[in-house]
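The values are calculated or read from the model by the stated rules, or taken from the named source; none is laboratory data. Since the structure is predicted, the reported quantities are computational estimates derived from the model, not experimental observations. Cβ atoms come from the backbone with ideal geometry, glycine included; neighbour counts cover every protein chain shown. What goes into the accessible areas is simple: the full protein's heavy atoms, side chains included, and nothing from ligands, DNA or RNA. Shrake-Rupley method; radii C 1.70, N 1.55, O 1.52, S 1.80 Å.
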Amino acid sequence: MIEDIYEPLALFRDSLKEQHRESTAEFFEELVRRSGVDEAANKKTVAVIRKLDTELTAEGRRESRWKFVRLLFWLVTAICVACLVLYGVGLYDGKVPFHLYWSVAALVGAGGTIYGAVAKLNPLLRSIREQLQKLQEQRASELSKAWQQMAPLNRLYDWDMGAKLVQQTVPRLELDPYMTNGRLEEMRQSFGWSDNFNSNKSVLCTLSGHINGNPFVVAETLDFHMGTKTYTGSKMISWQELERYTDSQGRSRTRYVTRHQTLTASVTKPAPEHSPNKMVIYANEAAPTLTFSRHPSELSTAGDGVMDKWRKSRKIKQLEKLSRNLDDDSGYTIMSNKEFAALFHATDRNDEVQFRLLFTPMAQQQMVLLLKDKEVGYGDNFLFRKERMINMVEPSHLAKVELGPDPSKFHSYDLAAARQFFNDFNNDYFKAIFFAMAPLLTIPLYQQHRSHADIYKDVYSKEASFWEHEAIANAHGQNVFRHPDSKTPNILKTVAGNIDDGVREVAVTAYGFRTEQRTDYVSKLGGDGRWHQVPVEWTEYLPVSRTTPLAVREVEGMAGYEYEEAGATPEWQEVFEKWKTEQAQTLCRRSLVSFVKR
């Protein structure tokens, strides 16, 4: 039986962190065994590469030193030649600035340094460069050998390894291969999810699944809105001005002086703004009409000092005063756990009864521990909003996490380095995902309450949703779809089309902006008493779009390396031939094969 998680902070600290570390290490070692990579041979090859790196560094420094010496030689030569020129000019003018023996010394010095630079240093530097080239060729050969040794392991990495490891450690979080139409339809029909969320957004990556039948999505989006940008221009002006002054003899006189002034002006114009965003979206029927929001509180990081205690006490008194205000329409009533009331601070809640159903004394206690934590997780760094049956958690630490890392991220020619990176990355990944979900896991009712929604099991529901289509398009890269005149990031939106022999055609439209340089003239009053037109250059952003067909075929359960092998089969060769593409031009990502149609 899968156990619920009611104490996320303690469970992660006492059990899950170490459990995940062990399962991640075991997973990597299994990959190594399956790959058949000879660790001893790779270690030996890498040691040779490291030795060559050391030798290359030493030779490079040696070359730099001798180049500096040669530069000094040429500098001395130049000085000696300058002295000889001055001596020759002096002889011609009859004014000799140097004694003869100094000129002889300059002549000998110039000859010696030229001889040293040409006859000695140049051959030495040539020899060093030849040695450097030889070492570089040896390193390139050893590096190629190391990459060949690691090739069987590098091909085993897949897009969803991190997600699989998370589910292995926390079975309560059941993840989908990809976000399906069924999952999206369930959120719409049973929980009131609105697709208005996707307006002016493009989905970059999703991790969907459910907690005891209640769906969730960890989503990364690229958000767009039309903001403003201020441009500044300037104009230099000058004018003659009559000035009265007193001369040296004390007489009053007048004169014209020239005054200068720089006039500046600014204009504010519309400009597109794009920003990445990551969040957890969770649907649950518990407390179905409750709404509230909360933001990170500085009180969560307060210590035990006098001022910190005073600030927290002051906040609690403010909440108690709000709770006693019977004339207030909100109906806010402070919780018995005053510390929770101050730190969570969801004063805009619309239903006290439903709020208390969610935040039982146990939930309040666990939430406080989560908010005050400074060592195990990330502390109070999340925004939490509930809109009826939809919960949204936006933790700031997710900004640094790749939700769907490209398998090439783990490729390496060094097995020891690959092992270290794989373990570090996936342990950090688990911590980030777990604590993104932790605010939801502190609420026991959310795990005890199972959705009454029917499970969508028809063929349509198992197909990838438009969320996943957008993520696939973004995985191919914006440059594949952008309008040639676009000068800004693009928002990619998709519309699913017909399906032919298991291949779904998806229309990908890239929305961006081209630019035109404009100039406005702003009137400014100068010090000369006149109005001047100050030019301000600005950029006008004009919308452009382009639609490109993308083909998507579902291959549920097929890993990337399996698809690589399957590509040579007659079935797949027939698909490639029919759609006029090649396997190298396709992308196999999270059980979905896609390619851009030309």
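Accessible area of K164, 1.4 Å probe, to the nearest 10 Å²?
K164 has an accessible surface of roughly 110 Å² with all protein chains in place.
To the nearest 10 square angstrom, how much accessible area does T228 have with a 1.4 angstrom probe?
Rounded to the nearest 10, that gives 90 Å².
Rounded to the nearest percent, how much of the accessible area of the chain (1.4 Å probe, protein heavy atoms only) is carbon and sulfur?
52
If the limit is 20 Å between Cα atoms, which of K235/K487; K269/K487; K462/K580; K17/K374; K278/K372; K315/K400 go over it?
Working: K235/K487 29 Å; K269/K487 17 Å; K462/K580 27 Å; K17/K374 16 Å; K278/K372 23 Å; K315/K400 32 Å.
Pairs exceeding the cut-off: K235/K487; K462/K580; K278/K372; K315/K400.
With a Förster radius of 60 Å, plug the Cβ-Cβ distance of E582 and R259 into 1/(1 + (r/R0)^6) and report the FRET value to the nearest 0.05. Don't skip to the end; give the middle numbers.
On the way: r = 72 Å, r/R0 = 1.20.
So, using R0 = 60 Å, E works out to roughly 0.25.
Starting from the residue with the highest accessible area, list T258, T54 in decreasing order, probe 1.4 Å. Don't jump to the answer; show the numbers that get you there.
On the way: T258 70, T54 95 Å².
Accessible-area ranking of T258, T54, largest first: T54, T258.
How far is helix 306-324 tilted, in degrees, relative to the longest principal axis of the Cα atoms in the chain, given as a value from 0 to 90 rounded to the nearest 10?
40
Keeping all protein chains in position, work out how much accessible area V81 exposes to a 1.4 Å probe, and write it in Å² to the nearest 10.
The value for V81 is about 70 Å².
Given the Cα-Cα distance of D4 and S144 and 0.36 nm per residue of separation, how much length would full extension add, in nm? Walk me through the numbers on the way to the answer.
Values: separation 140, 0.36 × 140 = 50.40 nm, distance 4.92 nm.
Taking 0.36 nm per residue and subtracting the Cα distance, the gain is 45.5 nm.
Is there a quick way to get the dipole size of the chain? I mean about its Cα centre, with the Cβ of Lys and Arg at +1 and of Asp and Glu at -1; what is the value in debye to the nearest 20?
Working: 76 positive and 77 negative charges, 668 e Å.
In debye, rounded to 20, the chain gives about 3200.
Which order do you get for F421, F466 if you rank them by accessible area with a 1.4 Å probe, largest at the top?
From most exposed to least exposed: F421, F466.
So what's the angle, to the nearest 10 degrees on a 0 to 90 scale, between helix 122-154 and the longest Cα principal axis of the chain?
Once rounded, one gets 10 degrees.
In debye, nearest 20: dipole of segment 393-552 around its Cα centre with unit charges on the Cβ of K, R (+) and D, E (-)? Working shown, then result.
Working: 16 positive and 20 negative charges, 59 e Å.
Its charge dipole is roughly 280 debye.
Express the accessible area of the chain per residue in Å², computed with a 1.4 Å probe while the remaining protein chains stay in the model.
Working: 31610 Å² over 598 residues.
I get 53 Å² per residue for this part.
Treating the chain as a set of equal point scatterers at the Cα positions, no solvent, please give the Debye-formula log₁₀ I(q)/I(0) at q = 0.07, 0.09, 0.11, 0.13 Å⁻¹.
-0.72, -0.95, -1.14, -1.34
Nearest 0.05, what FRET efficiency do L369 and S313 give at R0 = 25 Å with Cβ-Cβ as r? Write down the numbers at each step before the final one.
Values: r = 20 Å, r/R0 = 0.81.
The calculated FRET efficiency here is 0.80.
Regarding segment 524-577, what whole-number volume in Å³ per residue does the convex hull of its Cα atoms give?
Working: hull volume 11.3 nm³, N = 54.
Convex hull volume per residue, Cα atoms: 210 Å³.
Please list, by residue number, every one of the trypsin sites (Lys or Arg not before Pro) in segment 322-424 that is coil in DSSP and has at most 12 other beta-carbon atoms within 10 Å.
Details: sites: R324, K338, R349, R356, K372, K374, R385, K386, R388, K400, K409, R419; in loops: R349, K374, R388.
Passing both the DSSP loop test and the Cβ count: K374.
Can you sort I443, I114 by solvent-accessible area, 1.4 Å probe, largest first? Intermediate values should be presented prior to the final figure.
Numbers: I443 0, I114 70 Å².
Descending order: I114, I443.
Hey, any idea what the orientation-averaged projected area of the convex hull of segment 340-384's Cα atoms comes to, in nm²?
On the way: hull surface 13.3 nm².
Average of the hull's projected areas for segment 340-384 equals 3.3 nm².
How tilted is helix 361-372 with respect to the longest principal axis of the chain? Cα atoms for both, answer in degrees (0 to 90, nearest 10).
0
Of A551, V495, A584, which is farthest towards the positive pole of segment 462-598's charge dipole, taken about the Cα centre with +1 and -1 on the beta-carbons of Lys, Arg and Asp, Glu respectively?
About the Cα centre, the residue reaching furthest to the positive side is V495.
Given the C-alpha centroids of segment 328-376 and segment 164-231, what is the distance between them in whole angstrom?
After rounding, the separation between the Cα centres reads 26 Å.
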